[in-house]
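Remarks on the structure that follows.
The values are calculated or read from the model by the stated rules, or taken from the named source; none is laboratory data. Because the structure is predicted, anything quoted here is derived from the model rather than measured. Quick reminder, even Gly has a Cβ in these numbers, built from the backbone with ideal geometry, and neighbours come from all protein chains shown. What goes into the accessible areas is simple: the full protein's heavy atoms, side chains included, and nothing from ligands, DNA or RNA. Shrake-Rupley method; radii C 1.70, N 1.55, O 1.52, S 1.80 Å.
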Amino acid sequence: MPVAIRQVHPVFVGEVSGIDITRPVSQPDVAAIEAGMDQYAVLVFRNQAVNDEQQMAFTRNFGAIENARGGNVTKEEDKRLVSGMNDVSNLGKDGKPLARDSRQRLFNLGNLLWHSDSSFRPVPAKYSLLSARVVNPKGGDTELADMRAAYDALDADTKAEIEDFICEHSLMYSRGSLGFVDYTDEEKQLFKPVRQRLVRTHPVTARKSLYLSSHAGTIIGKPMPEARILLNDLKEHATQPRFVYVHKWKPHDLLMWDNRQTMHRGRRYDEGQPRDVRRTTVAGDAPTIAQAAE
Ligand SMILES: [Fe+2]
């Protein structure tokens, strides 16, 4: 049976059936999923009991896996998962929930802010794939917002005003908004701001979208408070319920989203209990704008 996709939200999100991603996927099915991503921006796969190797193999159908370096403050020796897997759990290497005052935990709380994965990289991510291995008993939904629908709903004056705006994104902006402001010199270097367009155009569909993220902290040429008010207003506009899909996790769900067309956030959960969700990330293929000269 070929892949079938059924839209499950008024403006985006498709649920995929007729596929087993623990096994190699045929080229026509890969093409159908890519086309589904272009159209729906988010795809839900149910009952996919993948292991890490299978998740990475499925991910590579859509491009190279992004190098995770510089994406968090977890030291190499403290990492629970193999290279290529992003740990979005609340677990330490010992498999137990991280302590409340763990620096790793406090930094990772930034995932509860609206963002687009890797918007802090000069070449930001294409897709993210999040697999639920252990679902938390209380909370932990993932919310996604359609940034194409949000862009379409802006008034013409705002669209004209922001068309060529360039923002600076950094993990230090998103974490700074939570009061997480202490970094080593090495981290400051890794987290140096990068430039991103505020309005992106999808390379296949040519649809425009707002490229917002909590990592965005400035707009080039604007005083900081003016930039932040505009970014905040746009975020409020873009995350109205009509543009948002709420994913309630079941074990072995796999959620796949296009970071170029959506924003997402995690929701709070019972951190005394495990939540084991693992992400693979497809690298992007181009910057959204030339970076500033060194
Ligand atoms: Fe994320």
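Of note:
- Cα-centre dipole for the stretch 97-240 with unit charges at Cβ (Lys and Arg positive, Asp and Glu negative), debye to 20: 520
- Residue among 160, 216, 283 with the largest mean-square fluctuation in a Gaussian network model of the chain, springs linking Cα atoms under 10 Å: 160
- Contact order normalised by residue count of the chain, Cα under 8 Å, 6+ apart, percent: 32
- Those chymotrypsin sites (Phe, Trp or Tyr not before Pro) in the stretch 131-177 that DSSP places in a loop and that have at most 15 other beta carbons within 10 Å: none
- Net dipole in debye of the chain [+1 Lys, Arg Cβ; -1 Asp, Glu Cβ; about Cα centre; nearest 20]: 520
- Membrane-span-like helices of the chain, defined as complete DSSP H segments with a Cα extent of 20 Å or more along the helix axis and a mean Kyte hydropathy of at least -1.0, are identified as 224-238.
- Rolling a 1.4 Å probe over the protein heavy atoms gives the chain an accessible area of 47 Å² per residue.
- Anisotropy class of the chain from Cα gyration tensor, a/c 1.5 cut: oblate
- The stretch 109-223 shape via C-alpha gyration tensor axes, a/c threshold 1.5: oblate
- Cα gyration tensor, the stretch 60-120 - rounded (a/c under 1.5), prolate or oblate: oblate
- Candidates per trypsin sites (Lys or Arg not before Pro) in the stretch 34-74, loop by DSSP, up to 10 other Cβ within 10 Å: 69
- Think of the stretch 102-246 as a dipole: +1 on every Lys or Arg Cβ, -1 on every Asp or Glu Cβ, centred on the Cα centre; then among 204, 112, 131, 131 lies furthest on the positive end.
- Entries of 79/208; 93/208; 75/159; 192/235 with Cα pairs more than 31 Å apart: 79/208; 93/208; 75/159
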